[in-house]
Each structure stands twice: as structure tokens, then as C-alpha cells.
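Here the structure is laid out as C-alpha cells; the discussion comes afterwards.
The values are calculated or read from the model by the stated rules, or taken from the named source; none is laboratory data. Keep in mind that this is a model prediction, so the values were computed, not measured. Don't worry about glycine lacking a Cβ; one is built from the backbone with ideal geometry, like all the others, and counts go over all protein chains shown.
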Amino acid sequence: MLRKVTLLAAALVLIGGPALASSKVKEPQDIAFSFEGPFGTFDQAQLQRGYKIYREVCSACHSMNLLAFRNLGDRGGPFYDPAYSPAHGKTSNDNPVVKALAAEAQVADIDPETGDAIKRPGTPADRFPAPFANDAAARASNGGALPPDLSLMAKAREGGPEYIASLLQGYLTPPAGLIVPAGQHYNASFPGGVSAGWDEKKQGHPPEGGLIAMAPPLADDKVSFDDGTKSTVRQQAQDVAAFLMWAAEPKLEERKQMGLSVMIFLILFSGLLYASYRRVWRHESH
Amino acid sequence: MSGHSTYEPKTGFTRWLDARLPILRLGHDSFVDYPTPRNLNYWWTFGGILSLCLAVQIVTGIVLAMHYTPSAAAAFTSVEHIMRDVNYGWLLRYMHANGASMFFIAVYIHMLRGVYYGSYKAPREVLWILGCVIYLLMMATAFMGYVLPWGQMSFHGAVVITSLFSAFPVVGEAITTLLWGAFAVDEPTLKRFFSLHYLLPFMIAGVVILHVWALHVVGQNNPTGVDPKSKADTLPFTPYATVKDAFGMSVFLILFATLVFYMPDALGHADNYVPANPLVTPAHIVPEWYFLPFYAILRALPDKLMGVLAMFGAIACIFALPWLDTSKVKSMRYRPQARAYFLIFLVVCIILGFCGAKLPSDQVIPGLVTVPVFGDDLNSFVWLSRLATAYYFAYFLVVMPLLGLTEKPLPVPETISSPVLGDADKKD
Amino acid sequence: MADTAADATNHPAGDDPSRRDFIHIAAITAAVGGVAAVAWPFIDQMNPAADTMALASVEYDLTKLEPGQQVVINWQGKPLFIRYRTEAQIAAAVKDDNVSLRDPQTDAERHKDGKAQWLVLVGSCTHLGCVPTVGGGDYGGWFCPCHGSHYDTSGRIRKGPAPKNLAVPEYAFLSDTKVKIG
């Protein structure tokens, strides 16, 4: 009986495992993000640093179409202020920091009087503006490669935020003998494979990693942090990865908190039901 | 169950209603006073659990449909709108997606319980067939539901499965075009999948009613496989079975809550968080975990049509089970040889599931290179799939028919509450 | 198949298994509480979503308007009138403050202090919801073409079937030239 159950359980765990990628990559870093685990929460300071990196570095090429400026002030977000929450009769739309950040951006709109396409300062209700009008324009500016939208990137790749942080730090020196084609860059954490620049028959087993079209986006001190944190590539990579995790799953904190209440209730409820069951059956053999 | 109804309406209203529509009488006879074998173990709580799963999926599905847009341009964004903007939308979506997985976990346990205890044998053949129909409808519903978010896996999974029908000679292409409503999986396909995904669960509910009706006509099976002979063998459904089912459901909900709140994407695929792109195929197209064994069987055979026939044949074997098994003894508790083959069958199903998630050419034991047989290296998942598929079909078509004729079962107790074999009854 | 099993169970006399023990009441109460707690998200999901709520308020720059001009903007899916009244129009409205009105209101009650020239009204006729046209009718305010309601320059109903004055939404001046509605 127990054997069967353990077999089933083990099987489900195995089946749940991902199919292995066909090319090897450098083992992703094991980063202890604050949001991991059943009681995880976002580190607001980290999210603020991450947003700055996105705004100053990534948003030049990568859109984030599913995020609106008001989301920055939502519970769990980088600029959440309890004074601007429903409990105080306000929303993140009223948050002055959010309004200021929105106003920094120029958003495409239509002049209601002339019908012309114009750009105006953003409001909290506006989505993050995309750097390119469409995919074709994005490709044209990036050598034919399309920089993907980052709204869900932390959930759209195996390994999630740890993969992203590893990738951003993965621009190591290409191994000897690897030819890196123009417009491509060697990255030890990218699972794309190096077959474009490595002849397996002549050179043997290919090195780990792959060739990615994105040039190394981060550099030491490229983004200055307002809270004084040392701006190393490693720090930037972790912070922007945490920000992307928040962007992909803004309800993470709420989900885990509700989970705790539900689990406690269900465990107690199961206990009550078991006691009730034993009481009902106390005179019956079965 | 041919007993006389003992329901007695107590109030004026209930008497008035009983004379016009005896629905309270039906409820009482079916779920309160209904004689239930006293020795049912926890594997029997999964029927109630499955009803709970169906209810959860229907309720969460209906509210999700209030916010979802079934259009190729807007589907993905509407799902994210649900996740981010709709009040508790993230909860509803995760409940629905993980609820589908829980539904299949429960149905597989429920079906395996049926195989182990011989619940499909006479006079329960129709009960079993109805159950298979429910399973088939569940698979169709789940397949179409997975397409709706219009992610990469949604789209390309739909392409693979709908393209299977083109394997049939002469009519294949026409059938596939009819399914698509276009020249490929596209907008019309999504729209009709949404309509049918909304419809099928209500058909499932209808067949479930028939399933419970068929059950109540012949009565439950029980771990001994011996029918109740007297009142000493049974207990009224309420409160005995009701409270046990409730406890079973509550434990099941703990597992469900663990998934929903702490690992909501564990059973999904990262690729489905990428919007569908017809021009780019993901590196690994993998169906949801509950389809993996059939996917492995499909890919095990080298010919496309043979693979499709094998996949449908694997499901057909389940339907045919009551007539394949020749054993006179129902429960494998008293059939040690059958039990051994069953456990191997269980492991084989799990292996098939594992194979379905892998690339056919990947090595089972990394680094070991062996001889190629019929073009594929022996140390590959496709050959493991072939081995496992062979056992799968052999189990239904060879083992089940022959074992009933050749094995020597253990002595079966006279009755459920037989004092003679009191200890043996306590075994699994 | 056995008859009903109610009398088949043996138990000490007077000890009915379905008697409402405390534990059963506790379990049932917990179940009801659980169902109620689960029901709330299913009801609340029908309330306006966060993106709808974000557009609940709109800001408008008044410098674009000339005296006597009206602009119609879309607010919460409804039309909103912002009218820059001339001195003559304000005077006409104030003159009729004490006339017998179907929905009695003074002009001062319908604009912000010191901002009599700005009238912010929901552009939906209080009869059956049509959008009244500006400047028409006998009172120089608005005229609803659907069933002939006449509103004056304060948006008050003067003639026709509408029961109430044009609604004044919640709004505030963020500055002399900027107004936030909602």
C-alpha cells in the first residue's frame, strides 16, 4: 500500500521534471532571492534598483507591455506606499512617486483635436511605452534579432530569475577555437548551442553555452543606485532579475500569504473531519 | 439496490413536494439511506473527490470566461489581464489550471482502483464504460482548454494533435481542415475550442449522473470483491460514507492548495508564457503531464498512422477491459500473480509518462552508445517507449485474458464481514 | 441487494451515530465558514478590475477651452460635459435660482466656489440616457433630442420629461487650469 503510494509520488515528481535541453550550459547560480520559499516577499529596495536598471538599460530595446506605471505602486511593488492604498481610500494612481515616474516617460497618444499622433507625458494608468512601434522596427534596429518583451520573462524561461541573473553574468571569454559570428556573443549560460561557430567533427565536444544576439548589457557602475548599494554587474544582474520576477508575478506575496491562511484552515479542518469520522465510526468495524 | 424507499416526508411542504416531484426522496435514497459496503477503504473516496473536482472546474471556468477573450490577438493578453487586474483573478486562474491536474490525478487513481479491485467486472460493465466516456470527455476538454491561453505550447500542441488526423488515408486532410476551420491552427480553431471547452464539462456532468445511476443500480464494489449478502455487510451512506468522503476531500484540498499557492506553475511549461508564434516552434513540444503516456505510445511507432492507431488503441483497451479479463475473482487482493502484473503495469505507465517528456533520440543511460536497431540506438527513449508500449498492450490483450484461466487465486471470503477470514480482510 | 442498512448496525442502546455531537457541529461549522470564505473571490471578481479602476478618474487641462465653448470627454464610459460659461450664461442661471424648478437647486450648488465659469456635468439625460446637445432648447443650456427635455445654463431641467437636473460628478480643481474628475 505504502509502496504503491511512494511509487506514485516518485513518479509524479519525475514526470514533473523538465525535458533536458539538448545543449549543455553553465550551471545557473543558486541565488537566495528574498521571494523564494513559502514565506518569501519582495525586497522593495531591490525592486527599486531593478526598475532603475530596466528603465535606464533594458527599456532601450525591450518592451514590457503588460506593466502599467500604476503597478509600480501596487502592494508588493517597488514604490508601494501604504498611505496610497485602498485601506486609506486611495490607490496607487494617487501615489506621487508613481505619478512622477509615469510623467518621466513619453507615451504615444492621439491629439483629440487634430487626430495627429503625438507623444505626451505618461500617467499612472498608462502602460510602459514600448521602444519600437512594432516587431519589424525592433528587428531593424537590432540586426534582425527581436528583443523579446520582458513582462513574463522570469516565468517564460526554465530556471526563472536565477537563469536571468546567470545569463546577464554569463558573457565569459569565448573558449579557444570558438568562432563568434558578427552580431553574436558567446554566453556560457545561454542554451542556444554554439554550432554556428564550432565544428564538432574537427574540434570535438562543443563547449557549454550558446551564441546570443544581445550584447552584454551590464557593466560595473553603469547604473548608479540611489540607496548607495555597490553597483557591480553581479548586483545589477540580481536586482534586475528580482524586478523581472515581480513584473512576471506581481501577486506573489499575496498568493503566499493567502496560502498560509488556507493551509492552516485546511489542516485544522482535516483534523476536525478526521475526529468527526472516528466518532461516527467508533462502534463499527471496517 | 432494490430495497423499498424508507424516506418519510416530515413537514407539510416536503409531503406536498414529494407528491409532485420526489427529488428529496431520490436524494435520501441515493445519498442518505443508501446501503454502502462497510469495508470500503480510502481508495473509494476518489469518486466524491472527482465530483468536487468537476464542480471546482465548472465554477472557476465560468467566472474565468467572464474575463477571457477567445481571439488570437487578445487571448494571451486577456489571461494576463485576469492574472494582474481582475480581483482574485490570479487565484481563479491557478485554481482552474491546477484543478485540471488534480482532476487527472484523481481520475487515474480512481481508474487504477477499479482495475485492482475488479470493479469493471460483471455486473458493472456499463458503469466502467460510462467511466471511460467521462475520461475521454475529460481528455478532450483538457486538450482544448490548454489551447485557450494561446501560448507557444498551446498553439504548437494544438498543431501536433490536430495534425494527427491527417494520418488517416483518404479522409484525413478533409477532417483536419474541418477541425481547423482554416488552413492551419488559427483564429477559427481557437474560437471553436472555446465554445466546445465550455460545453463539454456539462456533458461530463450528464454522463456522471448516468455513472452514479449505474453505480446505484448494481451497488458499490468493495475491497474483497464479494457482494454484500446481508444488512450486516453495509452501513447507511450518511453519515458513514459522507464523513469519510469529506475527510478524503479535505486532504485532497491540502494537496490542491499546495499546488495553487506554492508551486502554481510546477506542472506547466515555461514556454506557455511566451505568446504563440506560428513561425517559431519550441525546442520541445510537450503535452500536459496527464497526456504524456499516450504521447509516448504515439511516438513509439515509426509510422504516423500506426502511431495514431496505437494511441487510440491504448484507450480502446481500457474500454474493452471487462471483456478482456477472464478471472472469476474480482479483487487482486486474492490474486497475487495479477497483483504483480498490475504493479509492473503501473510502473510501465509511469515510464511511458517519463518517455513522453523526452526527445525520442535522447539517451536513457547517458554516455552509453549501443547498436542502432531499425535506425534508432537501443539506448534511446524511443526504444524504451516501444518496450513499455509492448507491455501496455500485452497487459490488456495477453495477461488479462490468460491469467484468469491459469492462475490459482487465494481463497475469497464468503462475505464482507466474514469472521472466518477476519485477519485477511485487513490486508491491502 | 440488501435492504436499507439502518437497522443492521449494532451499537449500545441510546447511542445514535448521527446524533449531533460537538465534533460534528464543529466540522460542519468549519465547512460552512470555508465555503463562505471561498465564495468571496468568486463574487469580487465581478467587481471592476484594477485597470478599469485606474481609469476611474481623468484629468483635464482647461486652458484649451474658449468662453462659451464646451468639450465632451469620455469618462468611465459615459460622456462628460465641461462647459466654459460666459458672464451672460452665468447671470441667466443665477436669475432663475428661485423659480419653481422640478429639481430645485441654486446655480451655486452646481459649481465650485469661485469657479462659476466652469460647469462639469455628466452628459447623460436623466430621462432615459441620451446625450443632450449643447446650446439648444429654450433656455440656452442643453436640449435632449430624444424626448425633448430642455436644460438651462446651469444644467437644470426646465421643460420636458426628465425628472432631475444633469448630474454633477465628483471633481476637484488641482489648479486654476487643471480639473480632476472622479
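Every residue, every condition in (1) touching a Pro at 6+ places or on another chain (Cβ under 7 Å); (2) within 23 Å of B:Asn41 (Cα to Cα); (3) modelled with pLDDT of 95 or more, yes or no:
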residue: A:Val233; (1), (2), (3): no, no, yes
residue: A:Pro250; (1), (2), (3): no, no, yes
residue: A:Glu253; (1), (2), (3): no, no, yes
residue: A:Met263; (1), (2), (3): no, no, yes
residue: A:Leu272; (1), (2), (3): no, yes, yes
residue: A:Ser285; (1), (2), (3): no, yes, no
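Could you list all residues from region A:261-271 that are surrounded by fewer than 18 Cβ atoms within 10 Å (Cβ to Cβ) and facing chain B (nearest Cβ under 8 Å)? Residues satisfying the conditions are A:Met263, A:Ile267. As a summary of the residue check, B:Ala241 satisfies the conditions (1) of a type in the set (A, V, I, L, M, F, W, C); (2) touching a strand residue (DSSP E or B) at 6+ places or on another chain (Cβ under 6 Å); (3) modelled with pLDDT under 95 except for the one numbered (3). Within region A:78-100, restricting attention to residues that are hydroxyl-bearing (Ser, Thr, Tyr) and within 24 Å of the chain's Cα centre (by Cα), the residue that is surrounded by the most Cβ atoms within 10 Å (Cβ to Cβ) is A:Ser92. Taking the conditions exactly as written (outside any helix (DSSP H, G or I) and closer than 18 Å to C:Ala54 by Cα), does A:Phe79 satisfy them or not? Taking the combined requirement at face value, the residue satisfies it. Under 9 Å between Cβ atoms, which residue pairs at least 6 apart in sequence (or on different chains) link something in region C:111-130 that is over 20 Å from C:Tyr84 (Cβ atoms) with a partner that is surrounded by fewer than 18 Cβ atoms within 10 Å (Cβ to Cβ) and among the acidic types (Asp, Glu)? Taking only residues 6 or more apart or on different chains, the pairs are C:Thr126/C:Asp103.
Taken over region C:38-54, the criterion of being within 9 Å of B:Tyr88 (Cβ to Cβ) and more than 7 Å from every other protein chain (Cβ to nearest Cβ) is satisfied by C:Trp40 alone.
Quick check on my filter: what residues within region A:206-222 are under 19 Å from the mean Cα position of the chain (by Cα) and either of a type in the set (A, V, I, L, M) or not assigned by TED's automatic domain parsing to the domain that holds A:Arg55 (or both)?
Taking region A:206-222 first, the residues under 19 Å from the mean Cα position of the chain (by Cα) are A:212, A:214, A:216-218.
Scanning region A:206-222 gives A:Ile212, A:Met214, A:Leu218.
Taken together, the criteria place A:Leu7 among residues that are more than 20 Å from the chain's Cα centre (by Cα), assigned to a helix (DSSP H, G or I) and either farther than 18 Å from B:Tyr108 by Cβ or at pLDDT below 95 (or both).
For the structure I just gave you, tell me whether B:Ser5 is in a helix (DSSP H, G or I), of a type in the set (S, T, N, Q) and within 21 Å of B:His216 (Cβ to Cβ). Taking the combined requirement at face value, the residue does not satisfy it.
Candidates B:Thr281, B:Thr238, B:Thr234: the one that is more than 9 Å from chain A (Cβ to nearest Cβ), among the polar types (S, T, N, Q) and crowded, with 20+ Cβ neighbours inside 10 Å is B:Thr234.
Okay, residues lined up against (1) assigned to a loop (DSSP other than H, G, I, E, B); (2) at pLDDT 95 or above; (3) closer than 30 Å to A:Ala219 by Cβ:
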residue	(1), (2), (3)
A:Tyr54	no, yes, yes
A:Ser59	no, yes, yes
A:Leu72	no, yes, yes
A:Ala87	no, no, no
A:Asn93	no, no, no
A:Lys99	no, no, no
A:Val107	no, no, yes
A:Pro112	yes, no, no
A:Ile118	no, no, no
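Scanning region A:207-260 for residues that are within 14 Å of chain B (Cβ to nearest Cβ) and either of a type in the set (S, T, N, Q) or in contact with a His (Cβ under 9 Å, 6 or more places away or on another chain) (or both) yields one hit, A:Gln257.
Can we say A:Ala103 is part of a loop (DSSP other than H, G, I, E, B), surrounded by 15 or more Cβ atoms within 10 Å (Cβ to Cβ) and within 12 Å of chain C (Cβ to nearest Cβ)?
The answer is no for A:Ala103.
None of B:Asp245, B:Asp227 is surrounded by fewer than 22 Cβ atoms within 10 Å (Cβ to Cβ) and either away from chain A (no Cβ under 13 Å) or over 12 Å from B:Pro35 (Cα atoms) (or both) except B:Asp227.
Somewhere in region B:21-43, is a residue without any contact (Cβ under 8 Å) to a residue 24 or more places away in the chain and outside any helix (DSSP H, G or I)? Looking for residues that are without any contact (Cβ under 8 Å) to a residue 24 or more places away in the chain and outside any helix (DSSP H, G or I), one finds at least one in region B:21-43, hence yes. Of the listed requirements (1) under 20 Å from B:Thr415 (Cα atoms); (2) free of Cβ contacts under 8 Å to residues at least 24 places away in the same chain; (3) small (Gly, Ala, Ser), B:Gly225 misses just one: (2). I'd like to know if region B:92-101 contains one or more residues that are touching a residue at least 40 places away in the same chain (Cβ under 8 Å), in contact with a helix residue (DSSP H, G or I) (Cβ under 8 Å, 6 or more places away or on another chain) and not in a helix (DSSP H, G or I). Checking region B:92-101: not a single residue is touching a residue at least 40 places away in the same chain (Cβ under 8 Å), in contact with a helix residue (DSSP H, G or I) (Cβ under 8 Å, 6 or more places away or on another chain) and not in a helix (DSSP H, G or I).
Once region B:401-422 is narrowed to residues that are in a helix (DSSP H, G or I) and hydrophobic (A, V, I, L, M, F, W, C), the residue that is surrounded by the most Cβ atoms within 10 Å (Cβ to Cβ) is B:Leu403. Does B:Ile209 qualify as being in contact (Cβ under 8 Å) with a residue 12 or more places away in the chain, within 21 Å of the chain's Cα centre (by Cα) and in the same structural domain as B:Asn39 (by TED's automatic domain parsing)? Judged against the criteria, B:Ile209 is not a match.
Exactly one residue among B:Thr77, B:Thr14, B:Thr60 is away from chain C (no Cβ under 14 Å) and in a helix (DSSP H, G or I), and that residue is B:Thr14.
Hey, among A:Glu253, A:Glu208, which residue is of a type in the set (D, E, K, R), part of a loop (DSSP other than H, G, I, E, B) and in contact (Cβ under 8 Å) with a residue 40 or more places away in the chain?
Step by step, each of A:Glu253, A:Glu208 is checked, and only A:Glu208 is of a type in the set (D, E, K, R), part of a loop (DSSP other than H, G, I, E, B) and in contact (Cβ under 8 Å) with a residue 40 or more places away in the chain.
Selection within region A:120-153: residues that are free of Cβ contacts under 8 Å to residues at least 24 places away in the same chain and part of a helix (DSSP H, G or I). The member of this set that is surrounded by the most Cβ atoms within 10 Å (Cβ to Cβ) is A:Arg139. Exactly one residue out of A:Pro217, A:Pro191 is at pLDDT 95 or above and assigned to a loop (DSSP other than H, G, I, E, B): that is A:Pro217. Taking the criterion of being more than 14 Å from chain B (Cβ to nearest Cβ), under 17 Å from the mean Cα position of the chain (by Cα) and part of a loop (DSSP other than H, G, I, E, B), the only residue of region C:55-68 that qualifies is C:Ser57.
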